[in-house]
Amino acid sequence: MYQTILFDLDGTLTEPALGITNSIMYALKKWDIEVEDRSTLYNFIGPPLVDSFAKYYGFSPEDCELALKYYREYFSVKGMYENEIYPGIRELLATLKNAGKTVVLATSKPEEFAVGILKYFEIDGYFDFVAGASMDGVRSKKSDVIDFAIAGAGITDLSATVMIGDREYDILGAKHAGIDSIGVLYGYGNYEELNNAGATHIAGMVEDILSLL
């Protein structure tokens, strides 16, 4: 029986593709790079953005930081609201809170953006603690965010704690922290990615999460 549930944000609680890809496209235009098919940018959803700018566009460390700055220019004003909460998530969170569970957010998105998104969707009241990346990049890896969430929420019983997310970074971060994980298939990962990463459980739909908990 899990008592503490950590949730990823993008691809787990919300469908963020439009806002994230618009923000990336805004940043890339500063280098006169046009993206015709926004789905080619979906790999940016999940890992730290600076890593993705380097991996997919070969940006130097300096250009990665500059691209991140441009990304945030758009995201902080428009992109974070070009977002949708997945059907059933609000009900899932309410059920968990009513059952006395501790609910924590653990996201690689900068913490201030994450808090703003939770408030925008009016689900911030379901969370006992919010852990996100730091704006200065010191805390950006998912494993660091999960460690921060566990410490910040005062979690001591790791055997009763589970991380829920849609990418391998969520699963690997959970393994690093010594907790179980649930990989979800409705986000931006797939079965092979989540299974190969060592997910304890895999949920096909939002409705499947509650039965696993």
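Below are the figures for this structure:
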quantity	calculated
Residue-span extension gain [THR200 to GLU36] - 0.36 nm each, minus C-alpha spacing	55.3 nm
Volume per residue that the Cα convex hull of the range 135-213 spans, once the total is divided by residue count, Å³	97
Max mean-square fluctuation residue, GNM over the chain, Cα-Cα springs under 10 Å, options ASN98, ASN83, ASN195	ASN98
Portion, in percent, of the accessible area of the chain that falls on carbon or sulfur, probe 1.4 Å	50
Kirkwood-Stokes translational diffusion coefficient of the range 1-100, alpha-carbon pairs, 4 °C, 1.567 mPa s, µm²/s	87
Beta bridge orientation in the chain: antiparallel %, DSSP, nearest 5	10
Between helix 61-75 and the chain: long-axis angle, C-alpha atoms, 0 to 90°, nearest 10	70
Cβ-Cβ FRET estimate between GLU82 and ALA54, R0 fixed at 25 Å, reported to 0.05	0.50
Radius, Kirkwood style, for the chain when every pair of distinct Cα atoms is counted (Å)	17.2
5 angstrom amide H check on GLU15, placed H, neighbours 5+ away	GLU84, ILE85, TYR86
Inverse mean reciprocal Cα-Cα distance (Kirkwood Rh) of the range 84-127, Å	11.0
For the chain, size of Cβ-based charge dipole, Lys and Arg +1, Asp and Glu -1, in debye	300
Per-residue HN-Hα couplings for the range 33-49 [Karplus 6.51, -1.76, 1.60; θ = phi - 60°; Hz; x = Gly/Pro]	9, 9, 10, 7, 10, 5, 5, 5, 9, 5, 5, 6, 7, x, x, x, 5
Paired Rg and Dmax values of the range 1-55, which use every Cα atom, in angstrom	14.1, 52
Between 0 and 90°, nearest 10: helix 111-120 axis offset from the chain longest Cα axis	70
Spatial separation of Cα centroids for the range 79-152 and the range 182-213, in angstrom	18
Net charge, SER134 excluded, C-beta distance under 12 Å - Lys, Arg +1, Asp, Glu -1	-1
Amide proton proximity set for MET135, modelled H, under 5 Å, gap of 5+	GLU111
Computed helical MRE - 222 nm, the chain, DSSP H runs ≥ 4 contributing -39500 (n - 2.57), nearest 500	-12500 deg cm²/dmol
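The values are calculated or read from the model by the stated rules, or taken from the named source; none is laboratory data. Just so it is clear, the model here is predicted, and its values are computed rather than measured. FYI the Cβ positions are ideal-geometry reconstructions off the backbone, even for glycines, and counts take in every protein chain you see. Side chains included, ligands, DNA and RNA excluded: accessible areas come from the protein's heavy atoms. Shrake-Rupley method; radii C 1.70, N 1.55, O 1.52, S 1.80 Å.
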